[in-house]
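Written out below as structure tokens is the structure these notes cover.
The values are calculated or read from the model by the stated rules, or taken from the named source; none is laboratory data. Please read these numbers as outputs of a predicted model, since none were measured by experiment. Cβ placement follows ideal geometry from the backbone for every residue including glycine, while neighbour counts extend to all protein chains displayed. Accessible surface areas use protein heavy atoms only, side chains included; no ligands, DNA or RNA. Shrake-Rupley method; radii C 1.70, N 1.55, O 1.52, S 1.80 Å.
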Amino acid sequence: MLSEQNLTRIEELKKRYQSPQSVVLEALWMWQDEHGWISNDGMKYVADLLGIPHHHVYGVVTFYTMFNKQPVGRHKLEVCTNVSCMLRNSDKILSHIENRLNIKVGETTPDKRFTLVEAECLGACGYAPMLQCGDEYYENLNEAKVDRLLEELK
């Protein structure tokens, strides 16, 4: 279920756009904000709420990497491993985080504080290597900067 505030917002958006499919991304963001991830039940709920086929919502969730398809930790660390970051040693940054947190890519720490994922490209090529955590970008990373970030996030 979504909060009354989000349900009201979705109804406003449905009136603004001709197609309820235009509201899918926003509705999914609302679901994820409230629940932390988007389960199959969440996808069905959003589809039913918008009156669109379940497979359409499933396609959106599985296409966009911004949607969590399983529970994640409080801090989702998305390390860019695309060309620019790779050339600036993002593999070492990723390995360092794995060692520091004692988890592998795709895993969450036992205390549910951190989830580590690889990101294909986060669009900050001039500031490589970088990672995103929530809405924040952390750029020009090295091991010392990563250590400081992890301490700040604890």
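Summary of computed values
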{"item": "Residue check for Leu150: assigned to a strand (DSSP E or B) and not basic (Lys, Arg)", "result": "no"}
{"item": "Any hit, region 5-14, residues being among the basic types (Lys, Arg), without any contact (Cβ under 8 Å) to a residue 60 or more places away in the chain, surrounded by 17 or more Cβ atoms within 10 Å (Cβ to Cβ) and in contact with a helix residue (DSSP H, G or I) (Cβ under 8 Å, 6 or more places away or on another chain)", "result": "yes"}
{"item": "Any hit, region 40-47, residues being among the small types (Gly, Ala, Ser), closer than 16 Å to Val72 by Cβ and buried (at least 17 other Cβ atoms within 10 Å of the Cβ)", "result": "yes"}
{"item": "Any hit, region 137-149, residues being within 17 Å of the chain's Cα centre (by Cα) and not β-branched (Val, Ile, Thr)", "result": "yes"}
{"item": "Region 72-97 residues that are in a loop (DSSP other than H, G, I, E, B), paired with ones that are β-branched (Val, Ile, Thr) (beta carbon under 7 Å, 6 or more apart)", "result": "Val72/Thr108; Val72/Thr115; Gly73/Thr108; Gly73/Thr109; Gly73/Thr115"}
{"item": "Hits in region 56-99 (condition: among the polar types (S, T, N, Q) and open to solvent by 30 Å² or more (accessible area, probe 1.4 Å))", "result": "Thr62, Thr65, Gln70, Thr81, Asn82, Ser84, Asn89, Ser95, Asn99"}
{"item": "In region 108-139, the residues that are open to solvent by 80 Å² or more (accessible area, probe 1.4 Å) and either at pLDDT 95 or above or not in a loop (DSSP other than H, G, I, E, B) (or both)", "result": "Pro110, Asp111, Lys112, Glu118, Tyr127, Glu136, Tyr137"}
{"item": "Some residue of region 27-34 being of a type in the set (A, V, I, L, M, F, W, C), open to solvent by 50 Å² or more (accessible area, probe 1.4 Å) and under 29 Å from Lys145 (Cα atoms)", "result": "no"}
{"item": "Any hit, region 140-150, residues being open to solvent by less than 40 Å² (accessible area, probe 1.4 Å), closer than 22 Å to Asn82 by Cβ and of a type outside the set (A, V, I, L, M)", "result": "no"}
